[in-house]
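Q: This structure is in structure tokens; I'll ask about it shortly.
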Amino acid sequence: MDAMDSQVLTSALHHLARINRITAALSPAVEKDQVAGAIGVALTSPRGLGYSRAFIFAYDEQRECFLPDRALGAAGPDEAVRLAKQSEAERDYLENLLQSLAGDASLAALVEKLDAESLWIDAVQSLDAPGLVFEQWRELCIVPVGAGTGLFTRLAGEPLVVLCKEREDLEALPSPLGGILSLPFVAFSIFTAGGARAVVLADRAFQPDRAIAPEEISLLRWFRSFADLVWSDAETHAELASALERLREIDTLKNDFLATISHELRTPLTAVLGFLDILLDESKRLAAAERRDLLERTRRQADHLLGLVNDLLALAEHRIEGAKALPVGRVDPARPLNAAIARLRANPKWEKARIVAPGVGESPCRILADEQTLERIFYHLLENALKFGGPENEVRVRFQQVGDNCHLAVEDRGIGIERSQLHKIFSHFYQVDSRLSRGYPGMGIGLTLVKILLDATNGHILVESEPGKGSIFTVVYPRWEETAEG
Ligand code: ADP
């Protein structure tokens, strides 16, 4: 093998080793943060693409701009020299290796030798992260897409590799980048299905020969498309991780819900069975009044059970069939309100509850709603107000005309709700305290149903609450217009 062949082979080997190392650096990166880091390492390692410095800007979808993400490479000429020595040592090694083959330059012999020396693996695995984060980097500005920065705008528009050699190229960079980078530099963008994800700039500031050869650009094009793939994988990984997290949350919620409904359904059922046992075993001994009392109590528990089952069915129906609009007409809100209060009072627990509310005929407005639906809404809101209101609680219901609407407010002075929980309480199964041992019974679907029923009848709800002070749930319906509706 003559000197010429040896040089060509060494250079080809070097090239292959470089590609192998770049692939090895990028492949294990699964999270976006790791990918950006691996791209920087592959670009700036002398055993990778060998640039002095690389600057990575990541696209921020919410702010629609590129944000400085990281800078890698040598912080100055001395460090650049130290890093380059590693690469020279490897080149010497490869040359010696080829010499030692002494004339037998077949690929098989080469691979065998390389395997025996395990150079390939060592070289791949020892790819190290060089350099420091530059001080100036911290001062770098945010680069909005299309904000007078020609290069960024171009790169955000299509997946490109651009070689920049002219002063104007530096001037086109946002300040202070123009003063940091040196000519020539390369710029490219990383794209996934969602569009531009990052813009990368790399220069050869500390290399004596700064020229960038055409083959270098083809290598960068290959690197750019490879980075696209790795970045896409990292995005898919992030999406899957968050979907998994969400599924875990739903799973926990469902498990809690199953435990809660079993508990809620079993309580009245156990009472019904208990009363029936007494009636069966001791019917002869019981006086007629006692028998009647037991039967009435059985009836109330069975009604309660039916109410729970109906709520569950309504929820299931909504999930299966989706939102449905219900017919609406003129309603005096005091009528469904008082019907709901009467139903609640049938429960011995709320028999003596203090509820201050407008009587039938005392309402200042008529509304456009559905009477039965509104009764169910009031029932759930009043039940919550009593439940979370504490024993000394007084629940107040007020009706008020506000512009074209009527506000129907259910107010308690109970435990209240933390601000951070307010947006969650209308979600399926959500309870601020979901432990079975909590002091408040309920399946966690009352407010979900209220929301569904309001949506079906063109109403909405407002909540004000302060922990320790109480809550006001205000149902809003349009006022019924005498003239418009006839
Ligand atoms: P539950 O069956 O638990 O009452 P809801 O869907 O009706 O289910 O309410 C969801 C959660 O919202 C309750 O578990 C409770 O934490 C909170 N909540 C609802 N109404 C009130 C209220 N008036 N005061 C305090 N917390 C309330």
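Q: Could you please state how large a percent of the accessible area of region 354-440 is carbon and sulfur, counting protein chains only and using a 1.4 Å probe?
A: The value for region 354-440 is 46 percent carbon and sulfur by accessible area.
Q: So how strong a dipole does region 205-251 carry about its Cα centre when Lys and Arg Cβ are +1 and Asp and Glu Cβ are -1, to the nearest 20 debye? Each step should come with its number before you reach the end.
A: Numbers: 5 positive and 10 negative charges, 38 e Å.
Charge dipole, region 205-251, about its Cα centre: 180 debye, nearest 20.
Q: Sketch the reach of a paramagnetic label on Glu235 as a point 7 Å from Cα along Cα-to-Cβ, and name the residues of region 156-192 whose backbone nitrogen lies under 18 Å away.
A: Under cut-off, by backbone N: 156-161, 188-192.
Q: Using a probe radius of 1.4 Å on heavy atoms only, what accessible surface per residue do you get for region 162-215? Whole Å² is fine.
A: Per residue, region 162-215 has 42 Å² of solvent-accessible surface.
Q: About the Cα centre of region 322-423, how large is the charge dipole given +1 on each Lys and Arg Cβ and -1 on each Asp and Glu Cβ? Please answer in debye to the nearest 20.
A: The dipole of region 322-423 has a size of about 160 debye.
Q: If contacts are Cα pairs under 8 angstrom and at least 6 residues apart, what is the relative contact order of region 188-320 in percent?
A: Relative contact order, region 188-320: 18 percent.
Q: Can you give the FRET efficiency to the nearest 0.05 for His263 and Ala346, using r as the Cβ-Cβ distance and R₀ = 22 Å? List each step's numbers first, then the result.
A: Details: r = 22 Å, r/R0 = 1.01.
FRET efficiency, His263 to Ala346: 0.50.
Q: Sticking with this structure for a sec: What is the percent carbon and sulfur in the accessible area of region 1-64, measuring with a 1.4 Å probe over the protein chains and ignoring ligands?
A: 50 percent
Q: Does region 261-304 come out rounded, prolate or oblate, given a ≥ b ≥ c as the square roots of the eigenvalues of its C-alpha gyration tensor, rounded meaning a/c under 1.5 and, failing that, prolate meaning a/b above b/c?
A: Working: a/c = 4.92, a/b = 2.06, b/c = 2.39.
Oblate, since a/c reaches 1.5 and b/c is not below a/b.
Q: Give the aspartates and glutamates reachable from Lys32 as a straight Cα distance under 15 Å; neighbours fewer than 8 places away on the same chain don't count.
A: Asp60, Glu61, Asp69, Asp228, Asp233, Glu235, Glu239
Q: Suppose the chain between Arg297 and Arg285 were pulled fully straight at 0.36 nm per residue; how much longer would it get relative to their current alpha carbon spacing?
A: 2.5 nm
Q: Considering only protein heavy atoms and a probe of 1.4 Å, how much of the accessible area of region 269-341 is carbon and sulfur, as a whole percent?
A: So the carbon and sulfur contribution to the accessible surface is 57 percent.
Q: Can you give the FRET efficiency to the nearest 0.05 for Arg63 and Lys324, using r as the Cβ-Cβ distance and R₀ = 56 Å? Don't skip to the answer; put the middle values down first.
A: Working: r = 40 Å, r/R0 = 0.72.
According to the calculation, E is roughly 0.90.
Q: Looking at region 31-84, which trypsin sites (Lys or Arg not before Pro) are DSSP coil and have at most 14 other C-beta atoms within 10 Å of their C-beta?
A: Arg63
Q: Continuing with the same structure: Could you give the size of the charge dipole of region 442-482 about its Cα centre, using +1 on the Cβ of each K and R and -1 on the Cβ of each D and E, expressed in debye and rounded to the nearest 20?
A: 160 debye
Q: Another question about this same structure. Keeping all protein chains in place, calculate the accessible area per residue for region 224-351 (probe 1.4 angstrom), answer in Å².
A: 65 Å²
Q: Here are some pairs, Lys349/Lys387; Lys424/Lys451; Lys254/Lys349; Lys324/Lys424; Lys352/Lys387; Lys85/Lys165; which of them have Cα atoms lying more than 20 Å apart in this structure?
A: Beyond 20 Å: Lys254/Lys349; Lys324/Lys424; Lys85/Lys165.
The values are calculated or read from the model by the stated rules, or taken from the named source; none is laboratory data. All figures in this text were calculated on a predicted structure; none of them were measured in a lab. As a convention, Cβ positions derive from the backbone with ideal geometry for all residues, glycine included, and neighbour counts pool all protein chains shown. Areas reflect the complete protein model, heavy atoms only, side chains present, ligands, DNA and RNA absent. Shrake-Rupley method; radii C 1.70, N 1.55, O 1.52, S 1.80 Å.
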